[in-house]
Amino acid sequence: MASIEKVKILVVGDSGVGKSSLVHLIAHSEAITNPSWTIGCSVEVKLHEYKEGTPFQKTYFIEMWDVGGSSSHRNSRSIFYNSFHGVILVHDLTNRKSKQNLRKWLAEVLSKDSPGKKNNGWYNYDSEQFIDNPVPVLVIGTKQDLVMEVYPPGRTKRTASIAEECGADEIYVVRET
């Protein structure tokens, strides 16, 4: 029997952006009906068949660590940041501040072992610091279906994305009704 490799993915972002809903959707292939606030961390798991049906097929046991985004727990979050293999940065497309804070989230996660300077409890973000980062990063914007209600056409402007800065892919998700 082939061994199953474990992969730990951190899912981080501001409180209320949809991390728990996203993780539940990925793990169970269905939307969560009544998400609650995550205090501390919640872990969902999924078996994933990589390149299924090919000679390169491999099974992975994926742990998605949904880290609570409340600022009141900022000092204790680092206990969840050990031995991870990837990061999913989640922001709410209807909340610009949540996107801006992704830089702080990335700095917090990737600086867990370094004594970097903190500013108001957050690690300082320096895009140069993460250029050669070996950890895969994915940026996900949630609530795409609500953007037109919050930001009418012509009222938005394009800004540099953290995904561009750290060489990550970025996708947007829509809630289906």
| Stretch gain in nm, segment ILE32-HIS85, where the contour uses 0.36 nm per residue and the Cα spacing is subtracted | 16.5 nm
| Protection proxy ranking, peptides 80-90, 12-22, average beta carbon neighbours within 10 Å, highest first | 12-22, 80-90
| said: If a paramagnetic tag sat 7 Å from the Cα of HIS73 along the Cα-Cβ line, which residues of the stretch 8-47 would have the backbone N under 14 Å from that point? | reply: 11-21, 36-44
| query | Where the convex hull is taken over the Cα atoms of the stretch 11-107, what is its projected area averaged over directions, in nm²? | reply | 7.4
| Separation of the ASP145 and GLN57 label points, Cα + 7 Å toward Cβ, nm | 3.5
| message | Please compute the modelled spin-label separation between ILE39 and ARG96, points set 7 Å along Cα→Cβ, answer in nm with one decimal. | response | 3.4
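None of the figures in this text is laboratory data; all of them are computed from the coordinates on show. A quick note: this is a predicted structure, and the numbers were derived from the prediction, not measured. Don't worry about glycine lacking a Cβ; one is built from the backbone with ideal geometry, like all the others, and counts go over all protein chains shown.
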